[in-house]
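**Student:** Here it is, the structure, as structure tokens.
The values are calculated or read from the model by the stated rules, or taken from the named source; none is laboratory data. Nothing here was measured: the structure is a model prediction, and the numbers come from that model. Because the Cβ atoms are built from the backbone with ideal geometry, glycine has one as well, and the counts that use them run over all protein chains shown.
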Amino acid sequence: MLERKFTQTLEDFLLHEPRKILLVNGARQIGKSYLIRYVGKKLFKHFVEINLKADQEGEGIFATVKSKDDFYLQLGAMAGNHLGTKEDTLVFLDEIQSYPHLMTMLKFLNEDGKYRYIASGSQLGVALAQTPSVPIGSVAIQQMYPLDFEEFLWAMGCGKDAIGAMRQKFETKGALNDSMHNYMLQQFKTYLLVGGMPDAINKFLENRNIVQVRAIQRDIHTLYRIDASQYDGAKKLVIRKIYDMIPSNMENKKKRIIVKNIEGLKAHKQFNDYAEEFEYLTNSGIALAVQAISSPTFPLAESESKNLLKLYLSDVGLLTNLLYGTNINAVLRDERSVNLGAVYESVVAQELHAHGYTLHYYDNKQKGEVDYLIDDYRHLTVLPLEIKSGKDYTVHSALNKFVATPEYHICEAVVLSNEQSVYQQDGITYMPIYYCMFFENNKMKNDAEYVIPEIEMPEI
């Protein structure tokens with residue numbers, strides 16, 4: 001079994017948050033059901049799993065459920081003697097987006113308190129947006145992603161002590177020695193090929209055969225294309241078109257969505273006309289969004305531009321499969337004819353999203369473009385990131401102008417590249433690309449930093 005960080009998230013919630021139902025959202029094939037099944041059987045004497053998508057495509061016995069009593073009746077018929085009490089029974093509602101009415105019912109099931117519940121969905125974000133009565137206060141939503149680079153290293157046999165030592169190097173802005181740097185760089189490039197899908201990683205662990213890994217990735221990509229075509233109405237063809245365009249968009253100069261390329265100039269469509277389609281792709285977890293901002297100031301959400309957007313595939317392995325097929329040398333040997341810039345940007349986007357960041361980018365006619373901006377909560381400013389795949393990692397005129405602009409109040413900027421050395425120059429920190437695994441959103445030194453001290457009332 002692949003070790004996942006999300007395991008601890010599930011265990012903490014089920015052990016310490018009995019008042020709510022957890023909804024786990026994420027794309028298909030990332031291991032949601034497997035992990036919930038593992039944790040549920042570990043923590044509860046009775047574990048009952050209901051695949052609502054299979055029910056929808058089969059007998060549809062939950063389609064007619066109108067009340068919690070109806071639900072209990074069908075649940076009892078399916079589970080039989082596998083139901084106990086709230087303390088020892090977990091009911092897992094898989095693919096709950098298949099029945100939006102059940103998401104509304106979660107509130108009443110939670111209040112009734114007969115059993116513990118957990119739910120997951122591959123298009124849960126879409127379903128929640130379409131559900132008229134979301135049970136706010138009764139549910140908590142957690143996003144799950146493919147394996148990040150650290151989890152990939154665990155699977156490859158890299159010990160946690162070694163990773164901990166590397167994290168300390170990152171925090172103190174130190175470089176790894178030659179042998180460790182070469183090891184990490186090769187593992188990172190392998191991750192570019194294999195990606196973070198559990199089935200792809202497990203197949204790679206069997207025999208390290210990229211042909212078999214690519215076959216799995218092609219199947220997942222086909223599945224995602226099918227999912228993109230299941231949206232109701234005429235929009236489904238447009239959603240699929242946008243999804244298919246993501247790799248080619250990443251190869252253009254700006255790497256952003258070009259509206260006229262979606263349906264052609266004759267469609268007379270503006271960016272906002274496709275807002276629902278973009279939202280579907282990101283809410284379903286098969287694409288990652290990077291929003292443009294008009295003013296690079298903290299907090300970035302206040303200056304999001306609504307008509308400029310970049311989309312990335314949710315898994316870098318799917319991307320390199322589409323771009324290079326089984327040609328592993330394109331990635332492993334830094335072929336001069338191949339520009340890995342889009343791939344490097346994609347994997348960093350995947351990594352930062354998995355670590356809880358909302359990503360933005362900045363493009364200014366006078367100053368140029370900066371790859372990524374993230375909120376720096378510690379300094380209440382913005383941290384710009386530049387991603388470099390080639391030897392010219394010190395060439396970044398846009399970033400230089402960005403850092404040198406006083407009104408932006410930039411404390412630090414970071415350039416990630418293949419280079420081993422870690423150093424600072426002109427307000428910019430240079431570090432190796434694999435250090436992206438250590439960027440963590442809202443990380444504090446200790447819990448005490450979260451605690452607001454009590455205020456004593458003075459004597460009048």
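**Student:** What number of residues within the stretch 291-317 satisfy the criterion of being assigned to a strand (DSSP E or B), aromatic (Phe, Trp, Tyr) and within 12 Å of residue 382 (Cα to Cα)?
**Tutor:** Number satisfying all stated conditions: 0.
**Student:** Of the conditions (1) surrounded by fewer than 20 Cβ atoms within 10 Å (Cβ to Cβ); (2) farther than 25 Å from residue 185 by Cβ, residue 362 clears all except one; give me its number.
**Tutor:** Failed condition: (1).
**Student:** Here is a follow-up. Out of everything in the stretch 149-180 that is closer than 26 Å to residue 424 by Cβ and within 22 Å of the chain's Cα centre (by Cα), what residue ends up being surrounded by the most Cβ atoms within 10 Å (Cβ to Cβ)?
**Tutor:** Selected residue: 149.
**Student:** For the stretch 373-413, name all the residues that are modelled with pLDDT of 95 or more and more than 21 Å from residue 289 (Cα to Cα).
**Tutor:** 413
**Student:** For the list (1) under 21 Å from the mean Cα position of the chain (by Cα); (2) crowded, with 18+ Cβ neighbours inside 10 Å; (3) of a type in the set (Val, Ile, Thr), I need the number of the one condition that residue 141 fails.
**Tutor:** (2)
**Student:** What do you reckon, is residue 32 surrounded by 15 or more Cβ atoms within 10 Å (Cβ to Cβ) and in contact with a Gly (Cβ under 7 Å, 6 or more places away or on another chain)?
**Tutor:** In short, yes.
**Student:** Take the conditions more than 14 Å from residue 173 (Cα to Cα) and small (Gly, Ala, Ser) and apply them to residue 398. Does it pass?
**Tutor:** Yes; evaluated as a whole, the condition is true for this residue.
**Student:** Is it the case that residue 356 is in contact (Cβ under 8 Å) with a residue 24 or more places away in the chain, surrounded by fewer than 23 Cβ atoms within 10 Å (Cβ to Cβ), part of a loop (DSSP other than H, G, I, E, B) and in the same structural domain as residue 433 (by TED's automatic domain parsing)?
**Tutor:** Here the answer is yes, as residue 356 does meet what is asked.
**Student:** In addition: On the given criteria, is residue 220 exposed (fewer than 14 other Cβ atoms within 10 Å of the Cβ) and in a helix (DSSP H, G or I)?
**Tutor:** Against the criterion (exposed (fewer than 14 other Cβ atoms within 10 Å of the Cβ) and in a helix (DSSP H, G or I)), residue 220 does not qualify.
**Student:** Continuing with this model, one more query. Which residue out of 12, 94, 70 is among the charged types (D, E, K, R) and more than 23 Å from the chain's Cα centre (by Cα)?
**Tutor:** From the options 12, 94, 70, the qualifying one is 70.
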